[in-house]
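The structure under discussion appears below in the form of structure tokens.
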Amino acid sequence: MNTHLRWPSASLAIAAISLAAIALPDAWVTKFELTRAPLAGAALWQLWSGHLLHFGTAHALTDLVTLITAAAIVESALGSRRVSLLYCVAAPVLSLATLLTASALTAYRGASALAVMMGFAAAGVLWREARLRAPVVLLITAFAAKLAGDALGSATDLAGLPAGVAVVWQAHAAGALLGAGIALRLAREGSAGRYGMIST
């Protein structure tokens, strides 16, 4: 794999905003968390802002460490400008997919769907290296098992969510599907793909 890791500036910007948002007063949080309002054509900004809010510091750190770890691989392959565009396009797609498939959802906060998307995209980059394919398959299998557990109602929360807040597995599934599409594209590009030498 010829891509060298570079500073994931786009993802670090998201992390910085998300960490700063922890200090927002509750009145602001309720305006920016993802609710069902966008389905009625209201508060459309929530399709983006919901991914920047979290249920506390532990939740934020879990999501953001995962996001940045994967992004260090993906941004090195695609460049930060393309990843910034990807976030802008993916956020509302993931939000709408979550709202449409999680009928009981009243409010969503978290960068976990974006983190899952980036994790799968990173898998596409790593797949170019034959010796890394077994670990990639192992990680995807572990994710699939956790997703299945969440869908079946098992208590598999790893993000330190407060009592009364459930994992929205539909958001993770949407992130996985979107990320898998990106991964297939990146894997096909190969180690000599046209994105391998981009710098930002």
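Some points to look at:
- Tally, over region 93-116, of residues that are buried (at least 22 other Cβ atoms within 10 Å of the Cβ) and either out of contact with any strand residue (DSSP E or B) (no Cβ under 7 Å at 6 or more places or on another chain) or not hydroxyl-bearing (Ser, Thr, Tyr) (or both): 10
- Of everything in region 145-161 that is under 28 Å from Cys88 (Cα atoms) and either modelled with pLDDT of 95 or more or not in a helix (DSSP H, G or I) (or both), the residue that is least open to solvent (accessible area, probe 1.4 Å) is Ala159.
- Answer from Ala43, Ala71, Ala90 - the residue that is of a type in the set (A, V, I, L, M), assigned to a loop (DSSP other than H, G, I, E, B), more than 21 Å from Asp150 (Cα to Cα) and open to solvent by less than 60 Å² (accessible area, probe 1.4 Å): Ala43
- Restricted to region 74-87, and to residues there that are crowded, with 24+ Cβ neighbours inside 10 Å and not hydrophobic (A, V, I, L, M, F, W, C), the residue that is farthest from Phe32 (Cα to Cα) is Ser76.
- You will find that of Arg185, Arg194, Arg128, the residue that is modelled with pLDDT under 80, basic (Lys, Arg) and closer than 20 Å to Leu5 by Cα is Arg194 and no other.
- Test set (1) outside any helix (DSSP H, G or I); (2) without any contact (Cβ under 8 Å) to a residue 12 or more places away in the chain - Trp28 fails condition number: (1)
- Among the residues making up region 1-40, those that are of a type in the set (Val, Ile, Thr), within 24 Å of Ala72 (Cα to Cα) and open to solvent by less than 50 Å² (accessible area, probe 1.4 Å) are Thr3, Ile14.
- In region 46-68, the residues that are aromatic (Phe, Trp, Tyr) and either modelled with pLDDT of 95 or more or open to solvent by less than 20 Å² (accessible area, probe 1.4 Å) (or both): Trp48
The values are calculated or read from the model by the stated rules, or taken from the named source; none is laboratory data. Being a predicted model, the structure only gives us computed values, none of them experimental. Reconstructed Cβ throughout: ideal geometry from the backbone, glycine too, with neighbour counts over all protein chains shown. Only protein heavy atoms, including side chains, enter the accessible area calculation; ligands, DNA and RNA are left aside. Shrake-Rupley method; radii C 1.70, N 1.55, O 1.52, S 1.80 Å.
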